[in-house]
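In what follows, a single structure is set out as structure tokens and then discussed.
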Amino acid sequence: MKSISITRCSTIVLLMVTSLSAYGLTSEEHLGKSIFFDTNLSINSNMACAACHGPAAGWTGPTESINAGGAVYEGSITGRFGNRKPPSAAYATLSPILHFVLEKANNKNKIDAHFIGGNFWDGRATGETLGNPAAEQAQGPFLNPLEQALPDPAAVISSICGSAYTAMFTSVCGAGACDARNVSSAYDCVGLSVAAYEGSSEVNQFSSKYDAYLAGMVDLSKEEKMGLNLFKSVGKCANCHVLDAGPSGDSPLLTDFTFDNLGVPRNPDNPFYSEPDFNPAGFYWVDLGLGDFLDSRMDYQRYAAENYGEQKVPTLRNVDKRPYPEFVKAYTHNGYFKTLKQVVNFYSTRDLKPTCPDDPTTAIDESLFTPVETAMAEGCWPKPEVATNVNTSELGSLHLTDAQEDAIVAFLKTLSDGYVP
């Protein structure tokens, strides 16, 4: 990660947050934006929320070289990395408080708990405390030793109270927000303000070509329309990335906020495998997703095993948004896939292609660590990182043709905000 001087960073942030937004932000949203782009809210004053959630890349990872490899971003402290690809901050505010519904399992005489809502890939920002999962998610990275790495909420508040936007902070969060006795309530205000910005019309724009199509302002191309029809039918994409109107009758959210195990392979370039201080299991570490979080909760432990390997279903809005056409993005929770074509092909052929071969000369099952480019070239797929609870009813053997896969990709490209009819 390239370092930038604190003075230069501060100047950039001030230029970004002192001008009035074209989207007419409220005071709370404006405060949240100031916090979102403030690099000083990290242990080495070199990392803001935007370092992992860049607007030009659809509010997710904005650095091409990282996306092309492990897809996990380095934190404020050199050499420390998280374990998953950054999820998009856009439309995350629409996720409900984590809860579950009991449903009869397919072809089984048992009842499963299906979890909905929360934030982070594993749902651990439940929203139960602040009534807002996005606000609880916003509080996490500041204190995560692998991310912004500040020691405690007091350090966050102290930095804000010495910033150029302190007056805005005390105006929104209360005159006593900088009083050391009020750290807890002030830190809650930080989370809620960032969530307010993430929920603003500057971030959740609903301004894609698909939105214009729904409004009758533009027509889709023949290929895009074919992709939309496949998305709703044999592609089964809309089963989770729903096209129904949102809760207020607004545009579709392209997610149902549930969790799923798609059988995604490990990303062999994930730097978390080589971080012994935080991952003593090394290459044997397995990301159990939602199930791992449920294991940490006494009230949810009984549902953990049936949710091992499940990750949050992301919105597909901005799934192809990028600063320039050749920019490399990363997909799924660990960034294994590098193109939408690879993702769609995996959905279609996961259970049709053979498993990539093992290397019998190593102790670790090398087939688990086959890069996506190798798998595509050799016509195989690695074993899933988590082999239990894999969704086999909605993907894996769709038998899509190459042209059908391309059509679905063409439709996905219509979901990027900023389209001008």
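Placing unit charges on each Cβ (+1 for Lys and Arg, -1 for Asp and Glu) gives the chain a dipole about its Cα centre, and among Pro87, Ala164, Pro314 the Cα reaching farthest toward its positive end belongs to Ala164.
Peptides 91-103, 285-297 ranked from most to least packed, by the mean per-residue count of other Cβ atoms within 10 Å: 285-297, 91-103. About its Cα centre, what dipole magnitude does the range 257-350 give when the only charges are +1 on Lys and Arg Cβ and -1 on Asp and Glu Cβ, stated in debye to the nearest 20? In debye, rounded to 20, the range 257-350 gives about 520. About its Cα centre, the dipole of the chain is roughly 420 debye, where the only charges are +1 on Lys and Arg Cβ and -1 on Asp and Glu Cβ.
Subtracting the Cα-Cα distance from 0.36 nm times the residue separation, let me have the gained length for Thr129 to Ala175 in nm, one decimal.
Numbers: separation 46, 0.36 × 46 = 16.56 nm, distance 2.31 nm.
So the extension gain works out to 14.2 nm.
Could you pull out the trypsin sites (Lys or Arg not before Pro) across the range 163-271 that fall in loop regions by DSSP (anything but H, G, I, E, B) with no more than 12 other Cβ atoms inside 10 Å? The partial results should precede the final answer.
Values: sites: Arg181, Lys209, Lys222, Lys225, Lys232, Lys236, Arg266; in loops: Lys236, Arg266.
Within the range 163-271, no trypsin sites (Lys or Arg not before Pro) qualify (loop, at most 12 other Cβ atoms within 10 Å).
The distance from the alpha carbon centre of the range 330-347 to that of the range 285-319 is 19 Å, rounded to a whole number. Summary of the geometry: the range 221-245 and the range 67-92, compared by the centres of their Cα atoms, lie 29 Å apart. If you take the alpha carbon atoms of the range 17-154 and fit the smallest convex hull around them, that volume is 161 Å³ per residue.
Packing, as the average of other Cβ atoms within 10 Å across residues, places the peptides 193-206, 72-85, 370-383 in the order 193-206, 72-85, 370-383, highest first. In this structure, Lys232 and Tyr284 have a Cβ-Cβ separation that, at R0 = 30 Å, corresponds to a calculated FRET efficiency of about 0.15.
With n ≥ 4 as the cut-off for DSSP H runs, can you work out [θ] at 222 nm for the chain, using -39500 (n - 2.57) per run divided by the number of residues, rounded to the nearest 500?
Computed ellipticity for the chain at 222 nm equals -8000 deg cm²/dmol.
Here is the size of the range 200-319 from its Cα atoms: Rg then Dmax, 19.0, 55 Å. Candidate cross-link partners of Lys222 among the lysines, defined by an alpha-carbon separation under 27 Å and a same-chain spacing of 8 or more, comprise Lys209, Lys232, Lys236, Lys321, Lys329, Lys338, Lys341, Lys413. Each listed q (0.10 Å⁻¹) maps to a log10 I(q)/I(0) for the range 300-421 from the Debye sum over equal C-alpha point scatterers, namely -0.38. Rg and Dmax, both from the Cα atoms of the range 96-197 and both in Å, are 17.7, 61. Residue-normalised convex hull volume from the C-alpha trace of the chain: 153 Å³ per residue.
Throughout, read-outs are computed from the coordinates displayed, never taken from laboratory work. Being a predicted model, the structure only gives us computed values, none of them experimental. In this analysis, Cβ positions are derived from the backbone assuming ideal geometry, glycine residues included, and neighbour counts consider all displayed protein chains.
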